[in-house]
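Read-outs: derived from the displayed coordinates by stated rules, not from any lab. If you're wondering where the values come from, they're calculated on a predicted model, not measured in any experiment. Cβ placement follows ideal geometry from the backbone for every residue including glycine, while neighbour counts extend to all protein chains displayed.
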Amino acid sequence: MNRYKLIRFGVWAAAFMSAATLFIIIFYILVNGVPHLTPDLFSWRYTSENVSMTPAIINTAVMTVLSLLVSVPLGLFTAIYLVEYSRASRFLTFIRLAVQTLAGIPSIVYGLFGLIFFVTFLSWGFSILSGALTLAIMVLPVIIRTGEEALIAVPVSYREGSFALGATRLRTVFRVVIPAAVPGIMAGIILAIGRIAGETAALIYTAGTVAKTITGVTSSGRTLAVHMYVLSSEGFNTDQAAATAVVLLVLVAGMNALSLYIAKKAVSYEQ
Amino acid sequence: MSSKFEVKELNLFFGEFQALYNINLQFSEREVFALIGPSGCGKSTFLKTLNRMNDLVLNCKITGDVLLDGKDIFSAIDVNVLRKSVGMVFQKPNPFAMSIYENIAFGPKTHGVSKKAELDEIVEMSLSAAALWDEVKDRLKKSALDLSGGQQQRLCVARSLAVNPEVLLMDEPTSALDPLSTLKIEELICNLKTKYTIIIVTHNMQQAARVSDKTAFFLLGQLIEADLTDKIFSSPKDKRTEDYITGRFG
Ligand SMILES: Nc1ncnc2c1ncn2[C@@H]1O[C@H](COP(=O)(O)OP(=O)(O)O)[C@@H](O)[C@H]1O
Ligand SMILES: [Mg+2]
């Protein structure tokens, strides 16, 4: 029974440490960042004096939307194919292997690929477009994997019920299975948004580090995370970098909350 | 009585395994036909042959003929038209994750009904026919998953009725329900008989005796005997049928 107590303590301690670590990080960011959150930091235009993050916030929003526009349809259709249409085959094994491999690649490698392919080969230069497509490829495995899991989680009996009414596979998938899988799919998109908003390595060599608000998809621009990275690596504005971290934290948390809210609304049918 | 469904020399294989052996059976219009037999004897498999749900099983191979109104269901009828004519209610209630209304409207929409007024009418008629209308008419927009198990099963019956079928297949429709809900479904079956051919798989002898006109006894993939329910239960021809009915069977 002492061993039992020991295990219980171990489990409790592990849980406490995880929670405490998270808490300390958040606390640290807030303590260091909040005092430096000045109105200057939110000026409409960036100058080297105010190091405003407003352009970076706008760039982040555009970057996120663009990446999702490409990765969500592509990823979901892949997941739908894998779960609903494919039959065990070598081709299927190959796709799964490719997806798994993509998921394990460090983001800097995506950055270098983007540099070689989008920036140089397609001559798109450092641009939001190059960055967004690089990130789209990067989050594709996330969307595919979570999409697959969400579809697999829909009971087979739903599909049977639909087929038994004379519905085609297409109608069954799009009208019965996917609506039931929305929460899981949303969870995947949230994960993807988190990775896009937090990414730096894959963007520095594809979207560049220009601190201004982009004027089009071909202009270079830095996202909030890149902005923070540049500020802290330059070493002149570490306080402002901490303030930026606070905003990044709030934005990501806000986005997650929003996505969860949407997911909940979309599935008020589920129990 | 004219024959609605006719099954001739049906053999069914899952890969190497033969699940049904040379089945010959006829189902008439407006009758309740019960299929009984021990677990794993092929009742569900047989039922799923009639609306071609076995098509979904990869290695399933079928020989023999199944005729619906004299037409071969494997070659002369489109599979989705067949499934519209031959509805199915499953063992476990399986309403979709949609509102009650949308659950019922799904089938008619599948087959081209799009006018709101027409759908409204179908929804009310189907729910009434399944004896559920009064219980749900004030919450048609609510999720079907919030209904009780018995209500969900009646919803599934209503959902099948909404596409205007001729035959209703039911695979142990009350095995997941409490006695009261079971009673309601049985009453429902007796009412629906005036319009539909109903083929029901059941584990429950009393249920077969209560609701069916005819009964077929399956054993290890073979049809042992089929006759009027009264005859099967009072004077079965085969010793194995008698053993099963009297409960002397595994
Ligand atoms: N998809 C399948 N693949 C292989 N064998 C199956 C499949 N479905 C059913 N069987 C087998 O066919 C036999 C009949 O099953 P089933 O029709 O479900 O029996 P019942 O409904 O009478 O209990 C069983 O031996 C079962 O294991
Ligand atoms: Mg069965």
Average beta carbon contacts from partner chains per residue of A:164-174, 10 Å cutoff: 6
Other-chain or far-sequence residues with amide H under 5 Å of B:Val89's (modelled H): B:Leu169, B:Met170, B:Asp171
Within region A:194-212, which residues have the backbone N less than 17 Å from the label spot 7 Å out from A:Thr54 along Cα→beta-carbon, could you tell me? A:211-212
Just tell me which aspartates and glutamates come within less than 14 Å, Cα to Cα, of A:Lys212; anything on the same chain fewer than 8 places away is out. A:Glu49
Total charge of the residues flanking A:Ile58 in space, meaning their Cβ is under 15 Å from its Cβ, with Lys and Arg +1 and Asp and Glu -1, is +3
Shielding by partners, peptide B:74-87 (average Cβ within 10 angstrom, other chains): 2
Take every DSSP beta bridge with both residues inside region B:3-245 and express the antiparallel ones as a percent of the total, to the nearest 5. 60
List every residue whose amide H lies under 5 Å from the amide H of B:Glu225, counting only residues 5 or more places away in sequence or on a different chain, with H placed 1.01 Å from N in the peptide plane. B:Phe217
Which of B:Lys84/B:Lys109; B:Lys48/B:Lys84; B:Lys61/B:Lys92; B:Lys116/B:Lys193 exceed 19 Å between C-alpha atoms? The answer is B:Lys61/B:Lys92; B:Lys116/B:Lys193
Modelled label-to-label distance, B:Ser114 and A:Leu37, 7 Å Cα→beta-carbon offset: nm? 5.1
Hull-based mean projected area of region B:112-250, where the convex hull spans the alpha carbons, in square nanometres: 10.1
Stokes-Einstein, Kirkwood over Cα pairs, chain B, 25 °C, 0.890 mPa s; D in µm²/s equals 132
Going highest first, how would you order B:165-172, A:58-65, A:12-19 by mean Cβ packing within 10 Å? B:165-172, A:58-65, A:12-19
Give me the distance in nm between label points sitting 7 Å out from Cα along the Cα-to-Cβ direction at A:Phe27 and A:Ser233, one decimal. 3.1
Summing -39500 (n - 2.57) over the DSSP H runs of n ≥ 4 in chain A and dividing by its residue number, what mean residue ellipticity at 222 nm do you reach, to the nearest 500 deg cm²/dmol? -22500 deg cm²/dmol
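For chain B, what does -39500 (n - 2.57) per DSSP helix run (n ≥ 4), summed and divided by total residues, give at 222 nm, in deg cm²/dmol to the nearest 500?
Calculated at 222 nm, the ellipticity per residue is -10500 deg cm²/dmol.
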For the protein assembly as shown, the Rg and Dmax computed from alpha carbons only, in angstrom: 30.9, 101
List the relative contact order of region A:1-134 as a percent without decimals, with contacts defined as Cα pairs under 8 Å and 6+ residues apart. 16
In the neighbourhood of B:Asn24 defined by beta carbon distances under 12 Å, the net charge of the other residues (Lys, Arg +1; Asp, Glu -1) is -3
Can you give the FRET efficiency for B:Val81 and A:Tyr261, using 1/(1 + (r/R0)^6), R0 = 51 Å, r = Cβ-Cβ distance, to the nearest 0.05? 0.75
Calculated log₁₀ intensity ratio I(q)/I(0) where the Debye formula runs over C-alpha points of chain A, q = 0.10, 0.15, 0.16 Å⁻¹: -0.65, -1.13, -1.20
Total formal charge among the other residues, if their Cβ is under 13 angstrom from that of B:Cys60, Lys/Arg +1 and Asp/Glu -1: +1
For region B:119-173 and region A:147-221, compute the distance between their C-alpha centroids and round to whole Å. 33
